[in-house]
Amino acid sequence: MINILSKETIDKIAAGEVAERPESVVKELLDNSIDSGADGISIEIRNGGLDLIRVSDNGSGIEKNDVRNAFLRHATSKLKTAEDIEHIRSMGFRGEALASIAAVSEVELITKHKNELIGTQYRIDGGVEKSFKEIGVPTGTTIIVRNFLLNVPVRRQFLKSTQVETSYIVNTVEKLALAYTNIAFSLNVDGKNIFQSTGSGRLKDNIYIIYGQETAASLLEVDSDKLDIGDNENAKLSGIHIKGYAARPVIAKSRRDYEVFFVNGRWIKSDILKKAAEDAYAPYMMQHKYPMFVLNVNVEPEEVDVNVHPRKSEVRFSSNQRIYDAVYTCLRELLHNAELVVNAGNAYFLNNKPERSAGSIKKAPEPFEQKRKFEYVSSITEEIDKAETKSVDKDTGSFHSEYEKAADTALPDTPEMTASKLYEEDLSPSYSMQDKFKTSTDFAVNDAVIDTGDKSAADAKGTESSKATSEKVFINAKNAPYFKLIGQVFETYWIIEYNDEMYMIDQHAAHEKVNYEHFMALINSHAVESQMIYPPIVLSLNAKEAVLFDKYLDEFTDMGYEIEYAGDRDYIVRAVPSNLPQLADEEVLHSLIDGLFEEGRRLDSELIRDKIASMSCKAAIKGNMKIGEQEMRGLISKLLTLDNPYACPHGRPTIIKWSRSDIERLFKRIVN
């Protein structure tokens, strides 16, 4: 027998998708507030949102005649026809949220439309109307949700602890604050104000509040419209605008929580976007470490489907390859044009500041103190921006005086700014580094050993360069003759003085990187040499392996293999790459073939990079190996010509630095 379900049963079933937990309720209510045009939104929760959720905004409000309709299922002001979904730009559009929330809790709505003189108060419990009356209130909307899931106690049992449910809500509010910087968000948890965004319109302000000072000081601005790239690369970005901030690779996290993507202002989770970003960062990051960035990807609404899931947190793109290429190209060029030498001095001081007691929450600040805090946030990010500008435009003077003034300023007795740390400990270290850029990369690759012959002359040139050289960045092969090479320490690291800074280079990591770039250049330029082998290698593949092998046979040829088809599923390998020694092994060849089975993995991507990285490591000079000054200078010269000299193929830094002021602070010559 087929039963027709009652409205109450239908509402409870549907509510399970939309009103899954308190965080999903907050998310839906905030979506409505954003769509109303509000520039101020206040959120209050108690007991993880189970006892109370209150969301108030100063948006346009709801007209009296529409109040009841707002709680009907599939009632929305965002759509009229199915075709409108293809052009949707609003946060909400499904018309399910209020009906679903009201089905499993007690809801009170207080609203006044901007064109009406008096407001409306509406109460509905478990989907049943309780009261509807006029009330005097300012323009805007307040929705109060009490006793969430009271009439479905079984679902309450599957929720997590109060602290965890609260952390989900904090995370959602923070993400929306990053997407909508012109809206001032305020979050009150159990009577304590733990998060407030400025509403200044400056993304960097909110990143500072959420992720902290050291992260804000290490950001690179992302704007795909400002990239200076070739026509072919520009074509990949056609119709796609990527804007936001990405942290230097030194801000490396042990999880992906800090990879934040918005598509047309909507916070979403996308494997293809994360893959593109992580691939761009791969040459700079250690394995199992992930970058930090906040990026908004603007595309035409017709190119993205947001109607994938009731939570609207997943999207589909009309062309995954097109969106991948755009994000990858944008971040690759950004990192390529930034100087990424690790500032060890700042890393030390930032990680040796006094810590606050874990989980401490100060009392909510008074309005004046709150305003003072926001003014401070804007001023500190402005100081960091000024330091960035001066590091690029000023030929004389030191970056550090400006940076340290911004980075070391502390506002005493201000409330804790990072709300998420109240509920979730971040065990991955965060470091800061200088915000300087390469001034030149137009030099030719020079493999010749640089030998000044006279060490005293080199020292004199080093002193002279600090006064007269306009190109003051370290990563520039033109400046290599002016480096003051102090020597080798622990027979592993080289110390160099240049431009009032001390640099240290890891000889193994540096040589490994030079080898890696050399081997990759051979492959990319099809300059791999082949060596005949006897007897030849006979490969017997299964049907699936044979299909993939045929598909990528040309790429194996580019790598120096000579392979003939021998009938059925057999292939004969007559030659192997001679100047890529480890790829000549039969076992390595089989591993390359096996790697092709991973979806989306190509022979010229991370698979071949792993093999080349391993080969480069084995061919490099090791630590605890004494070498002479001439060899050091020759390797330094080669390292500085690379596109990415900052990290070895495994992501370890090749170069770190201290400024003179960093060292003087260590010896207490400077006290701050």
*Right, Lys253: of a type in the set (D, E, K, R) and open to solvent by less than 10 Å² (accessible area, probe 1.4 Å) or not?*
yes
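For the structure I just gave you, tell me whether Ser200 is farther than 30 Å from Asp125 by Cα and open to solvent by 10 Å² or more (accessible area, probe 1.4 Å).
Criteria met by Ser200.
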*With the condition kept exactly as written, say whether any residue in the range 217-224 is buried (at least 23 other Cβ atoms within 10 Å of the Cβ), within 27 Å of Asp57 (Cβ to Cβ) and not aliphatic (A, V, I, L, M).*
no
*Tell me, which residue of the range 244-256 that is of a type outside the set (Lys, Arg) and touching a residue at least 60 places away in the same chain (Cβ under 8 Å) is nearest to Val299 (Cα to Cα)?*
Ala246
*Collect the residues in the range 624-658 that are under 26 Å from the mean Cα position of the chain (by Cα), within 11 Å of Ala510 (Cβ to Cβ) and either open to solvent by less than 30 Å² (accessible area, probe 1.4 Å) or modelled with pLDDT of 90 or more (or both), keeping them in residue-number order.*
Leu642, Pro645, Tyr646, Ala647, Cys648, Thr654, Ile655
*Restricting attention to the range 24-54, report how many residues are buried (at least 23 other Cβ atoms within 10 Å of the Cβ) and acidic (Asp, Glu).*
1
*Select from the range 68-90 the residues that are in contact with a Lys or Arg (Cβ under 8 Å, 6 or more places away or on another chain) and modelled with pLDDT of 55 or more and write down the one among them that is most open to solvent (accessible area, probe 1.4 Å).*
His74
_modelled with pLDDT of 85 or more, over 24 Å from Glu333 (Cβ atoms) and of a type in the set (Gly, Ala, Ser): is that true of Ser661 in this structure?_
yes
*What residue, among those in the range 572-623 that are at pLDDT 65 or above and among the hydroxyl-bearing types (Ser, Thr, Tyr), is surrounded by the fewest Cβ atoms within 10 Å (Cβ to Cβ)?*
Ser591
*Can you name the residue in the range 531-562 that is in contact with a Ser or Thr (Cβ under 7 Å, 6 or more places away or on another chain) and either of a type outside the set (S, T, N, Q) or open to solvent by less than 60 Å² (accessible area, probe 1.4 Å) (or both) and is also modelled with the highest pLDDT among such residues?*
Glu562
*Test result for Asn65, in contact with a Pro (Cβ under 8 Å, 6 or more places away or on another chain), open to solvent by 50 Å² or more (accessible area, probe 1.4 Å) and not charged (D, E, K, R)*: no
*Considering each residue of the range 323-342, count those that are part of a helix (DSSP H, G or I) and either surrounded by fewer than 20 Cβ atoms within 10 Å (Cβ to Cβ) or not polar (S, T, N, Q) (or both), and give that number.*
13
*Counting only residues that are basic (Lys, Arg) and either part of a strand (DSSP E or B) or modelled with pLDDT of 80 or more (or both), how many does the range 292-322 have?*
2
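The values are calculated or read from the model by the stated rules, or taken from the named source; none is laboratory data. All values reported here derive from a predicted model rather than from experimental measurement. Neighbour counts run over all protein chains shown; Cβ positions are idealised from the backbone, glycine included. We work out accessible area using only protein heavy atoms, side chains counted, and drop any ligands, DNA or RNA first. Shrake-Rupley method; radii C 1.70, N 1.55, O 1.52, S 1.80 Å.
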